[in-house]
Amino acid sequence: MLNRFKTGAAALALSAFSVACVAQTATLSIQLDKPLHGVSPSLYGLMTEEINYSYDGGLYAEMVRNRTFQDRPFGGHGPGGMNHWNIEHFGNSMASMVIDTDEGPSAAQQHSLAVTITKADSANQAGVRNEGYWGMAVRPNTTYTGSLYAKADSAGMGPLTVSLVSNNSGKTLATTTVQGLATEWKQLAFTLKTGEVETSAENHLVVTVGHAGKMWLSIVSLFPPTYKNRVNGNRPDLMEMMAAMHPTFLRLPGGNYLEGDQIDERFDWKNTLGPLVDRPTHRSPWDYQSSDGLGLLEFLEWSEDLKIDTVLAVYAGYSLKGDYIAPGPALNPFVDDALDEIEFATGATSTKWGAVRAKLGHPAPFPVKYVEIGNEDWFDRSGSYEGRYTQFYKAIKAKYPQLQLIATMPVKKIKPDVVDDHYYRRADEFFAMVNHYDSVDRNGPKIFVGEWATREGSPTTNMGAALGDAAWMTSMERNSDLIVMASYAPLFVNVNPGGMQWESDLIGYDAISSYGSPSYYAQAMFAEYLGTEVPASSVAGGGDRFFYSVTKDAAKGKVYLKLVNASSTPQAVDIGLNGANVGGSAEVVSLTGTNLAETNTLVAPKRVVPVRTTLSGVGAKFSHTVPAYSVQVLEIEAK
Ligand code: AHR
């Protein structure tokens with residue numbers, strides 16, 4: 001990821017433009033033998049929710065869109081529909097389809113797609129096709145694992161033919177015959193294997209039969225190989241991109257997604273467990289149906305696969321459109337539900353919910369240190385959060401005294417362990433607030449910056465945003481005695497038309513490829529090079545858009561100096577490293593843009609990426625120039 005070198009011509013052009021207006025030299029003085037405080041070991045993490053097709057059509061590797069026929073028209077409520085499904089017919093075969101609200105394979109899935117074939121034979125089959133999430137990624141020599149629930153009105157209607165087909169050529173890329181279609185609901189499993197086909201996302205899935213009759217379909221599912229080969233798992237490319245960010249935790253499951261627009265549209269974790277056929281799915285506040293394929297256990301396994309902790313957010317009785325449960329007896333069932341959820345994640349297998357987790361295949365408890373109570377409860381104009389937080393806090397602390405409990409806004413009756421602050425800002429706003437936390441009371445709650453981002457660039461952020469982010473991260477590192485955790489949001493966006501509900505996201509993708517924004521690389525750099533303590537330092541001179549942070553790892557004998565020059569002119573810095581023996585060279589990682597709007601895209605994913613170089617002449621005193629529009633990390637040996 002860190003291998004791109006700018007051409008000499010581009011560097012020359014930049015310096016020619018900059019000659020006329022070089023900023024005043026900054027003097028940076030660092031006292032390596034005077035630690036001010038430790039760095040929070042959990043400073044950088046991930047925040048996630050179902051937004052921008054982050055899971056369905058994103059991380060969750062399911063290829064079939066609207067597999068349960070529950071998707072509603074945009075903004076719609078009421079019964080689901082046939083979105084993304086169409087009739088497929090060959091030769092003179094004939095078929096029609098309709099949603100049947102009286103037929104379904106389970107209590108959770110009480111409706112299905114009824115397909116009536118009025119004319120078909122084995123050479124002229126008819127049925128349905130699914131378009132996928134803006135296509136279906138098909139790769140050569142790959143095995144796809146599928147299943148569907150089906151029922152027919154007569155025993156002789158099958159077998160089914162299931163195929164992956166190219167949109168452009170109509171060519172069948174993989175096909176199989178599925179036996180077992182019967183007059184009772186049955187789950188029928190199949191695999192599709194490609195040969196030497198072209199890698200492409202412009203494909204669809206077809207399910208047909210060669211006999212007339214009526215059949216019902218539900219939970220039509222197809223998965224490619226997943227990260228760590230998890231059944232019902234995640235896309236490898238996106239998991240690898242997250243791993244490369246060196247995160248320490250995952251805040252889940254949201255965000256607004258936790259709350260839902262209405263109380264009955266919250267993330268109701270008990271409805272997201274077990275076989276897919278037992279998950280009813282639900283409408284998310286970002287206006288599309290969530291398949292809940294990525295349920296609570298899958299979230300926890302996502303943390304496990306990245307070897308990170310979980311910051312578990314529990315629903316706290318307030319939903320986005322303003323409905324809330326008043327503190328008191330009416331809130332008790334929600335408090336109990338949160339206690340059950342914590343037990344599901346962390347309890348021994350001898351507990352009720354720990355045993356459920358074990359039955360679902362995961363006997364080992366997950367590492368959870370922090371539980372967040374609600375999300376952005378400052379939106380609750382009723383003022384009920386004070387009482388709601390207190391009620392949850394007392395019940396959770398009584399049972400789990402070791403947990404750190406996060407409040408989503410300041411409360412007065414009780415001192416929260418941590419308060420979650422959110423900042424969505426322009427770069428200049430972040431520059432102006434880099435000293436915000438310097439003067440915050442150290443005797444109050446710790447801070448979790450649970451959502452933050454420089455919102456410049458769409459769908460993913462640009463270099464200007466990366467500079468705002470980096471400036472803000474220098475301030476979070478300097479204040480990491482107070483700020484225990486921070487997570488950027490939103491993490492993901494499907495860049496296809498209609499895929500985005502929130503502009504300025506970190507990682508973009510379509511069905512087949514993905515890329516990191518400049519902000520992504522700035523984050524990865526800051527998290528990878530993070531020491532364990534903040535030494536005393538001071539700066540004089542330098543432009544208004546020059547920012548730095550310094551951390552030291554005594555055990556590794558390293559100092560990590562982060563320099564951010566958000567100006568269009570280079571920034572010279574005289575650096576003094578006192579109180580240690582400093583090695584003669586430094587490894588430098590640089591993220592540099594030609595201008596603020598420069599960015600990465602699906603077609604140019606590596607335009608702005610970190611570049612590694614070596615800087616010689618590094619000693620107790622040395623001079624260095626930070627290029628215009630640059631984020632740099634200097635990794636210096638210091639014993
Ligand atoms: O990150 C997008 C949204 O911003 C989150 O869902 C919400 O918590 C915040 O308002």
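The values are calculated or read from the model by the stated rules, or taken from the named source; none is laboratory data. Note that this is a predicted model, so its numbers are computed, not measured. Virtual Cβ from ideal backbone geometry, glycine too; neighbours counted across all protein chains shown. Keep in mind that these areas ignore ligands, DNA and RNA; they rest on the heavy atoms of the full protein, side chains included. Shrake-Rupley method; radii C 1.70, N 1.55, O 1.52, S 1.80 Å.
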Check: closer than 28 Å to residue 285 by Cβ and loosely packed, with under 15 Cβ neighbours inside 10 Å - does that describe any residue in the range 382-392?
Finding: yes
Check: Tell me, which residue of the range 221-267 that is touching a residue at least 60 places away in the same chain (Cβ under 8 Å) and charged (D, E, K, R) is surrounded by the fewest Cβ atoms within 10 Å (Cβ to Cβ)?
Finding: 228
Note to self: Testing residue 155 on (1) modelled with pLDDT of 95 or more; (2) surrounded by fewer than 17 Cβ atoms within 10 Å (Cβ to Cβ), one condition comes back false. Which one is that?
What the structure shows: (1)
Notebook entry, point to check: Being farther than 21 Å from residue 120 by Cα and either of a type in the set (Phe, Trp, Tyr) or in the same structural domain as residue 116 (by TED's automatic domain parsing) (or both), is that true of even one residue in the range 154-162?
Noted result: no
Next item on the list: May I ask you to say which residue of 549, 538 is outside any helix (DSSP H, G or I) and surrounded by 23 or more Cβ atoms within 10 Å (Cβ to Cβ)?
Entry: 549
Check: Can you pull out the residues in the range 23-60 that are more than 10 Å from the chain's Cα centre (by Cα) and modelled with pLDDT under 95?
Finding: 23, 24
Check: Does the range 268-286 hold any residues that are within 16 Å of the ligand (Cβ to nearest atom) and either of a type in the set (S, T, N, Q) or surrounded by fewer than 23 Cβ atoms within 10 Å (Cβ to Cβ) (or both), and which are they?
Finding: 282, 283, 284, 286
Checklist line | Any pair with Cβ under 9 angstrom, 6 or more apart, that starts in the range 431-460 at a residue that is at pLDDT below 95 and ends at one that is open to solvent by 40 Å² or more (accessible area, probe 1.4 Å) and assigned to a strand (DSSP E or B) | finding: none
Check: In the range 390-434, how many are of a type in the set (S, T, N, Q), in contact with a helix residue (DSSP H, G or I) (Cβ under 7 Å, 6 or more places away or on another chain) and under 17 Å from residue 483 (Cα atoms)?
Finding: 1
Note to self: If residue 374 satisfies all but one of (1) away from the ligand (no atom under 16 Å from the Cβ); (2) open to solvent by less than 40 Å² (accessible area, probe 1.4 Å); (3) of a type outside the set (Ser, Thr, Tyr), what's the number of the condition it fails?
What the structure shows: (1)
Note to self: Every residue in the range 208-238 that is outside any loop (DSSP other than H, G, I, E, B) and farther than 30 Å from residue 48 by Cα, please.
What the structure shows: 208, 209, 213, 214, 215, 216, 217
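Among the residues of the range 362-374, is any in contact (Cβ under 8 Å) with a residue 24 or more places away in the chain, over 22 Å from the mean Cα position of the chain (by Cα) and not assigned by TED's automatic domain parsing to the domain that holds residue 419?
So the first thing to find is which residues in the range 362-374 are in contact (Cβ under 8 Å) with a residue 24 or more places away in the chain, and the list is 362, 366-374.
Now restrict to residues that are over 22 Å from the mean Cα position of the chain (by Cα): 362.
If we keep only those that are not assigned by TED's automatic domain parsing to the domain that holds residue 419 too, we end up with 362.
Yes, that holds for at least one residue.
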Next item on the list: Only residues that are within 14 Å of the ligand (Cβ to nearest atom) and buried (at least 19 other Cβ atoms within 10 Å of the Cβ): list them for the range 423-436, please.
Entry: 425
Check: Just one of the numbered conditions (1) open to solvent by 20 Å² or more (accessible area, probe 1.4 Å); (2) assigned by TED's automatic domain parsing to the domain that holds residue 408; (3) more than 16 Å from the ligand (Cβ to nearest atom); (4) part of a loop (DSSP other than H, G, I, E, B) is not true of residue 198; which one?
Finding: (2)
Next item on the list: Collect the residues in the range 150-177 that are within 19 Å of residue 212 (Cα to Cα) and not in a loop (DSSP other than H, G, I, E, B), keeping them in residue-number order.
Entry: 150, 151, 152, 155, 156, 157, 160, 161, 162, 177
Margin query: Tell me whether the range 500-512 contains one or more residues that are open to solvent by less than 10 Å² (accessible area, probe 1.4 Å), more than 16 Å from the ligand (Cβ to nearest atom) and at pLDDT 95 or above.
Written below: yes
Next item on the list: Identify all residues within the range 595-619 that are aliphatic (A, V, I, L, M) and more than 27 Å from the chain's Cα centre (by Cα); write none if there are none.
Entry: 615, 618
Notebook entry, point to check: What is the residue count in the range 289-314 for residues that are open to solvent by 20 Å² or more (accessible area, probe 1.4 Å) and within 16 Å of the ligand (Cβ to nearest atom)?
Noted result: 0
Checklist line | Scope the range 249-267; condition within 16 Å of the ligand (Cβ to nearest atom) and either acidic (Asp, Glu) or part of a helix (DSSP H, G or I) (or both); matching residues | finding: 256, 257, 258, 259, 261, 265
Next item on the list: Check whether at least one residue in the range 195-214 is farther than 23 Å from residue 97 by Cα and basic (Lys, Arg), and report yes or no.
Entry: no
